[in-house]
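Engineer: Have a look at this one.
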């Protein structure tokens with residue numbers, strides 16, 4: 001069974017008012033030929049080890065705070081901040097608090 005994704009023009013609620021991030025789930029919101037958007041929920045202390053995306057990405061912190069390791073340094077993304085990473089830039093993420101990230105990927109698909 002295919003996972004439903006938003007259609008063009010469909011309103012997407014990324015963060016519900018009062019949402020409890022401890023109960024929230026990560027999910028892919030949009031999947032198109034060269035674009036993918038997903039919400040990533042990370043519990044405090046959770047780490048995503050060093051990895052690369054197959055395309056340019058933006059990471060927006062909508063709630064909480066995370067350490068982002070990229071370009072040889074660590075930066076704190078807090079609610080309201082975002083970062084752009086070039087195609088295949090290695091990066092790692094560690095949640096300092098229960099956090100919600102919105103990831104947008106411009107994919108290199110043949």
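Engineer: Can you tell me which residue within region 25-48, out of those that are touching a residue at least 40 places away in the same chain (Cβ under 8 Å), within 15 Å of residue 5 (Cα to Cα) and outside any strand (DSSP E or B), is farthest from the chain's Cα centre (by Cα)?
Structural biologist: Among them, the one singled out is 33.
Engineer: Does region 49-76 hold any residues that are under 24 Å from residue 6 (Cβ atoms) and modelled with pLDDT of 95 or more, and which are they?
Structural biologist: Residues of region 49-76 that are under 24 Å from residue 6 (Cβ atoms), as a first pass: 53-64.
Answer for region 49-76, where residues must be under 24 Å from residue 6 (Cβ atoms) and modelled with pLDDT of 95 or more: 56, 57, 58, 59, 60, 61, 62, 63, 64.
Engineer: Let me ask something additional. In region 8-48, what residues are in contact with a strand residue (DSSP E or B) (Cβ under 7 Å, 6 or more places away or on another chain) and modelled with pLDDT under 90?
Structural biologist: Within region 8-48, the subset in contact with a strand residue (DSSP E or B) (Cβ under 7 Å, 6 or more places away or on another chain) is 12, 14-15, 21, 24-30, 34-48.
Within region 8-48, no residue meets the criteria.
Engineer: I've got another one for you. Restricting to region 49-76, name every residue that is in a loop (DSSP other than H, G, I, E, B) and either more than 17 Å from residue 21 (Cβ to Cβ) or touching a helix residue (DSSP H, G or I) at 6+ places or on another chain (Cβ under 9 Å) (or both). Reasoning before the result, please.
Structural biologist: Just the residues of region 49-76 that are in a loop (DSSP other than H, G, I, E, B), to begin with: 52-54, 64, 71-72.
52, 53, 54, 71, 72, listed by residue number.
Engineer: Of everything in region 62-76 that's closer than 24 Å to residue 108 by Cα and in contact (Cβ under 8 Å) with a residue 24 or more places away in the chain, which residue is farthest from the chain's Cα centre (by Cα)?
Structural biologist: Among those residues, the one meeting the criterion is 69.
Engineer: Identify the residue in region 89-102 that is over 16 Å from residue 75 (Cβ atoms) and within 12 Å of the chain's Cα centre (by Cα) and, among all such residues, is surrounded by the fewest Cβ atoms within 10 Å (Cβ to Cβ). Reasoning before the result, please.
Structural biologist: At the first step, the residues of region 89-102 found to be over 16 Å from residue 75 (Cβ atoms) are 98, 100, 102.
Restricting the remaining residues to those that are within 12 Å of the chain's Cα centre (by Cα) gives 100, 102.
Details: 100: 22, 102: 19.
Selected residue: 102.
Engineer: Still on this structure, please answer the following. Just need a number here: residues in region 77-87 that are touching a residue at least 24 places away in the same chain (Cβ under 8 Å), part of a loop (DSSP other than H, G, I, E, B) and loosely packed, with under 13 Cβ neighbours inside 10 Å. Step through it out loud before you land on a result.
Structural biologist: Filtering region 77-87 down to residues touching a residue at least 24 places away in the same chain (Cβ under 8 Å) leaves 77, 82-87.
Next cut, part of a loop (DSSP other than H, G, I, E, B) only: 86-87.
Keeping just the survivors that are loosely packed, with under 13 Cβ neighbours inside 10 Å gives 86.
Of the residues in that region, 1 qualify.
Engineer: Give 51, 5 a once-over and let me know the one that is surrounded by 15 or more Cβ atoms within 10 Å (Cβ to Cβ), touching a strand residue (DSSP E or B) at 6+ places or on another chain (Cβ under 8 Å) and free of Cβ contacts under 8 Å to residues at least 60 places away in the same chain. Show your work before the answer.
Structural biologist: On the way: 51 fails: surrounded by 15 or more Cβ atoms within 10 Å (Cβ to Cβ).
The match here is 5.
The values are calculated or read from the model by the stated rules, or taken from the named source; none is laboratory data. Values in this document were obtained by computation on a predicted structure and should not be read as measured data. No Cβ is skipped: glycine too gets one built from the backbone with ideal geometry, and neighbour counts run over all protein chains shown.
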